[in-house]
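Enquirer: Handing you a structure now.
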Amino acid sequence: MDSSEVRDLLAQAPLMARPLPPFDPDAAPAAPTALFTSWLAEANAAGVLDPGAVVLATAGADGRPDARIVALRDVEPVEAGWVFATDAASPKGIQLAQQPAAALTFYWPAQGRQVRVRGDVTQATREVSLDDFRGRSPASRVAGLIGRQSTPLAALTDWDLAAEGASRQLGNHQDAHPPGHTVYTLAAHQVEFWQGDAGRRHVRLSYTRATDGGWARSLLWP
């Protein structure tokens, strides 16, 4: 497939060629967490698939960026903390240890909405991380017990065998947990809300953490 075919395929679904919700930035709440919660509720009501799926961007000691999809676990309104979890020995866990700052990007195509979050990342206590793991589905805990995230896999049958072993381990010990399972919190210092518009009059509202702990709001050119 050459580049012209890619352009033809993209042209079949022009960006924003659908009804989109309005967004009045003057009516936005004072804190970004309140607006995020409102938008997340609207995404759920609109039937957006996997609205908690978010792109986590990190960088390691070499400064090169990396990104992948993770699941949002919670948002802490007071601290403006976006919560996610991973294994500390995974590439993203290692990168966060080397450079404890990250960015999150949500995109809900049905509504033409994007939310960008930037900030510093901290690890939760071991007790919080263990509670998070215990609260996961059996399939998620089995996958976590397998570990080896992002390491080479010779064949899918190897995963099946590892899953069988992890399932037996979990059946024999309900409190079994991977040693590296860690909850992280991204404490936002900047949050941007982007509402798409079919006429390209996109609305961008940026929240920036002020020195007094509050939030300064400003519109951005689209």
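The values are calculated or read from the model by the stated rules, or taken from the named source; none is laboratory data. Keep in mind the model is a prediction, meaning the values are calculated, not measured. Don't worry about glycine lacking a Cβ; one is built from the backbone with ideal geometry, like all the others, and counts go over all protein chains shown.
Enquirer: Tell me the residue from S90, S129 that is in contact with a His (Cβ under 6 Å, 6 or more places away or on another chain) and touching a residue at least 24 places away in the same chain (Cβ under 8 Å), please.
Expert: It is S129.
Enquirer: When you look at D50, is it of a type in the set (D, E, K, R), part of a loop (DSSP other than H, G, I, E, B) and without any contact (Cβ under 8 Å) to a residue 24 or more places away in the chain, yes or no? Give the derivation first.
Expert: Numbers: of a type in the set (D, E, K, R): yes; part of a loop (DSSP other than H, G, I, E, B): yes; without any contact (Cβ under 8 Å) to a residue 24 or more places away in the chain: yes.
Yes, satisfied.
Enquirer: Can you run down the residue pairs with Cβ atoms below 7 Å, 6 or more apart or on separate chains, where the first is in segment 207-219 and free of Cβ contacts under 8 Å to residues at least 12 places away in the same chain and the partner is outside any loop (DSSP other than H, G, I, E, B) and surrounded by 11 or more Cβ atoms within 10 Å (Cβ to Cβ)?
Expert: A210/A216; A216/T208
Enquirer: Right, here's the next one. Can you pull out the residues in segment 115-137 that are of a type in the set (D, E, K, R), in contact with a strand residue (DSSP E or B) (Cβ under 7 Å, 6 or more places away or on another chain) and farther than 20 Å from T208 by Cβ?
Expert: The first filter runs over segment 115-137 and keeps only residues of a type in the set (D, E, K, R), leaving 116, 118, 120, 126-127, 131-132, 134, 136.
After this cut, where a residue has to be in contact with a strand residue (DSSP E or B) (Cβ under 7 Å, 6 or more places away or on another chain) as well, the list is 116, 118, 120, 132.
Selection gives D132 alone.
Enquirer: Working carefully through the options P178, P152, find the one that is without any contact (Cβ under 8 Å) to a residue 12 or more places away in the chain and either crowded, with 16+ Cβ neighbours inside 10 Å or under 18 Å from K92 (Cβ atoms) (or both). First the steps, then the outcome.
Expert: Values: P178 fails: without any contact (Cβ under 8 Å) to a residue 12 or more places away in the chain.
One residue alone meets the criteria, P152.
Enquirer: Within the bounds of segment 27-36, is there any residue that is surrounded by fewer than 16 Cβ atoms within 10 Å (Cβ to Cβ), assigned to a loop (DSSP other than H, G, I, E, B) and touching a helix residue (DSSP H, G or I) at 6+ places or on another chain (Cβ under 9 Å)?
Expert: Yes: segment 27-36 contains one or more residues that are surrounded by fewer than 16 Cβ atoms within 10 Å (Cβ to Cβ), assigned to a loop (DSSP other than H, G, I, E, B) and touching a helix residue (DSSP H, G or I) at 6+ places or on another chain (Cβ under 9 Å).
Enquirer: Tell me the strands (runs of 3 or more DSSP E) entirely within segment 108-222 that contain at least 2 residues that are over 17 Å from V70 (Cβ atoms) and more than 17 Å from the chain's Cα centre (by Cα). Break it down stepwise before answering.
Expert: Details: elements: 113-123, 181-195, 203-209, 215-220.
Qualifying strands (runs of 3 or more DSSP E): 203-209, 215-220.
Enquirer: Still on this structure: Would you point out the residue of segment 110-138, among those that are among the aliphatic types (A, V, I, L, M) and modelled with pLDDT of 95 or more, that is surrounded by the most Cβ atoms within 10 Å (Cβ to Cβ)? Break it down stepwise before answering.
Expert: To start, the set of residues in segment 110-138 that are among the aliphatic types (A, V, I, L, M) comprises 110, 115, 117, 121, 124, 128, 130.
Checking which are modelled with pLDDT of 95 or more leaves us with 115, 117, 121, 124, 128.
Details: V115: 21, V117: 26, V121: 20, A124: 17, V128: 15.
Among those residues, the one meeting the criterion is V117.
Enquirer: Does A61 satisfy the condition of being farther than 29 Å from H202 by Cα and without any contact (Cβ under 8 Å) to a residue 12 or more places away in the chain?
Expert: Details: farther than 29 Å from H202 by Cα: yes; without any contact (Cβ under 8 Å) to a residue 12 or more places away in the chain: no.
In short, no.
Enquirer: For segment 176-209, which residues satisfy the criterion of being modelled with pLDDT under 95, hydrophobic (A, V, I, L, M, F, W, C) and out of contact with any helix residue (DSSP H, G or I) (no Cβ under 7 Å at 6 or more places or on another chain)?
Expert: Residue satisfying the conditions is A198 alone.
Residue by residue, here is whether (1) at pLDDT below 95; (2) exposed (fewer than 14 other Cβ atoms within 10 Å of the Cβ); (3) of a type in the set (D, E); (4) more than 14 Å from the chain's Cα centre (by Cα) holds:
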site: V6; (1), (2), (3), (4): yes, yes, no, yes
site: L10; (1), (2), (3), (4): yes, yes, no, yes
site: P25; (1), (2), (3), (4): no, no, no, yes
site: G60; (1), (2), (3), (4): yes, no, no, yes
site: R73; (1), (2), (3), (4): no, no, no, no
site: V83; (1), (2), (3), (4): no, no, no, no
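Enquirer: State the number of residues belonging to segment 86-102 that are part of a strand (DSSP E or B), among the aliphatic types (A, V, I, L, M) and either more than 15 Å from the chain's Cα centre (by Cα) or surrounded by 20 or more Cβ atoms within 10 Å (Cβ to Cβ) (or both).
Expert: Residues in segment 86-102 being part of a strand (DSSP E or B), among the aliphatic types (A, V, I, L, M) and either more than 15 Å from the chain's Cα centre (by Cα) or surrounded by 20 or more Cβ atoms within 10 Å (Cβ to Cβ) (or both): 1 in total.
Enquirer: Turning to a different aspect of this structure: Exactly one of (1) in a helix (DSSP H, G or I); (2) under 30 Å from S38 (Cβ atoms) is unmet by T105. Its number?
Expert: (1)
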